[in-house]
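The values are calculated or read from the model by the stated rules, or taken from the named source; none is laboratory data. Computed from a predicted model, the values in this text were never measured in an experiment. Every residue, glycine as well, gets a Cβ built from its backbone with ideal geometry; the counts of neighbours run over all protein chains shown. Just so you know, the surface numbers come from the protein's heavy atoms only, side chains and all, with ligands and any DNA or RNA stripped out. Shrake-Rupley method; radii C 1.70, N 1.55, O 1.52, S 1.80 Å.
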Amino acid sequence: DMIPSHAAKTDGRRLYEASVAAIDEAVANVTAALQARGMWDDTLLIFSADNGGVPEQSREPGPRGGAGINWPLRGGKFTLYEGGVRAVGLVSGPVVPPYVRGTVSQHLFHMTDWFPTLTGLAGIHHHDAAKPLDGVDQWAALLGGVSARSEVLLSIDTLGKAAALRQSNWKIITGSQNYHFWYPPPGLHGGMARSIKTDEDTYSIPAYPNVPHVSSTLSLPSSGVRLYDIEADPHEEHDLSATHPDIVERMLARLQTYNATVVPPLVRPGDFAARPQFWDGIWTPWLEHC
């Protein structure tokens, strides 16, 4: 009941928005408690998403289609397109200087950067660590300075046979992706999904009339290499791998360097008994009860 029914919102989207509203209320409660106890002045509040959402129209297995909206970015969760790997976050609290409050940072930032950033604020630095950290201290960048990184390894998926790397404005993707398209919010640029045939497979692509940056004649490789200039083409429309082979070669070599030290993933089979419907609707430790 938190989100009114609306013709442009599906039941899934209403549930999604209600969940976000509930989280927002919970964060407000935590903030109020810190203030009431005199702890807020020494608090840095960080809220960060881990990936993009799963669009309802994707027909993606797993959550069986979500209610996420990454528009106008391409793809979503389970893909290496910007809709899947570009996530939002915020930093708040009295520790943040007034001149930077309300600003937006577009610097490259990886989740692993939070650890050295926070320990650096606490006066702990890792220059002489026994093993190098994956992250870098980004506090200066968050205050409006220059980013401490020009490269982000987005993924090396040895099981799914896909990888992606960002270097400055360039981004390379190798291997197949779960879905390839752009999914607008319900009610925007409506149109039933239709299918197109490529050399490898049949994909479902929504028909978006009068949307200039979404092409219905897009060439969709199911594997191989794609190269995008993210600053000039944030929606990932134009694969530039054929016209910039030198950049492709350089970035593939960098991926090979990373791949040389990849630790094989430990993926255990799923356990049906862990499902929330058996535990009062929440994810919880379950093995000791089975």
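With contacts taken as Cα pairs under 8 Å and at least 6 residues apart, the stretch 124-166 reaches a relative contact order of 23 percent. Around the amide H of Ile69, modelled in the peptide plane, lie the amide H atoms of Gly53, all under 5 Å away and 5 or more residues distant in sequence or on another chain. In summary, the stretch 72-170 shows an alpha-carbon radius of gyration equal to 1.21 times the 2.2 N^0.38 Å reference for compact globular proteins. Working from label points 7 Å from Cα in the Cα-to-Cβ sense, the Ala260 to His126 distance is 2.2 nm. Evaluating 6.51 cos²θ - 1.76 cosθ + 1.60 at θ = phi - 60° for every residue in the stretch 99-107, the Karplus couplings come out as 5, 9, 5, x, 8, 10, 9, 10, 5 Hz, glycine and proline recorded as x.
Taking amide H positions as modeled 1.01 Å from N, with prolines and chain starts lacking one, the residues under 5 Å from Ser155 and 5 or more places away or on another chain are Ala164.
Could you calculate the contour length gain from Leu159 to Ala274, that is, 0.36 nm times the residue separation minus the distance between their Cα atoms, to one decimal place in nm?
39.1 nm
When peptides 268-280, 95-107 are sorted by average Cβ neighbour count within 10 Å, with the highest value leading, the order is 95-107, 268-280.
Between amide H atoms placed 1.01 Å from N, distances below 5 Å from Ser241 occur with Leu227, all of them 5 or more places distant or on a separate chain. Of the solvent-accessible surface of the stretch 98-148, computed with a 1.4 Å probe and all protein chains present, 61% belongs to carbon and sulfur. 3J(HN,Hα) couplings calculated from phi for the stretch 240-253 with the Karplus curve 6.51 cos²θ - 1.76 cosθ + 1.60 (θ = phi - 60°) are, in sequence order, 9, 4, 6, 9, 10, x, 5, 5, 4, 4, 5, 6, 5, 5 Hz; Gly and Pro show x. Rounded to the nearest whole Hz, the Karplus-based 3J(HN,Hα) values (6.51 cos²θ - 1.76 cosθ + 1.60, θ = phi - 60°) of the stretch 31-42 follow the sequence 4, 4, 5, 5, 5, 5, 9, x, 9, 5, 5, 10, with x at glycine and proline. Here the stretch 247-290 exposes an accessible surface that is 60 percent carbon and sulfur, computed with a 1.4 Å probe and the other protein chains kept in place.
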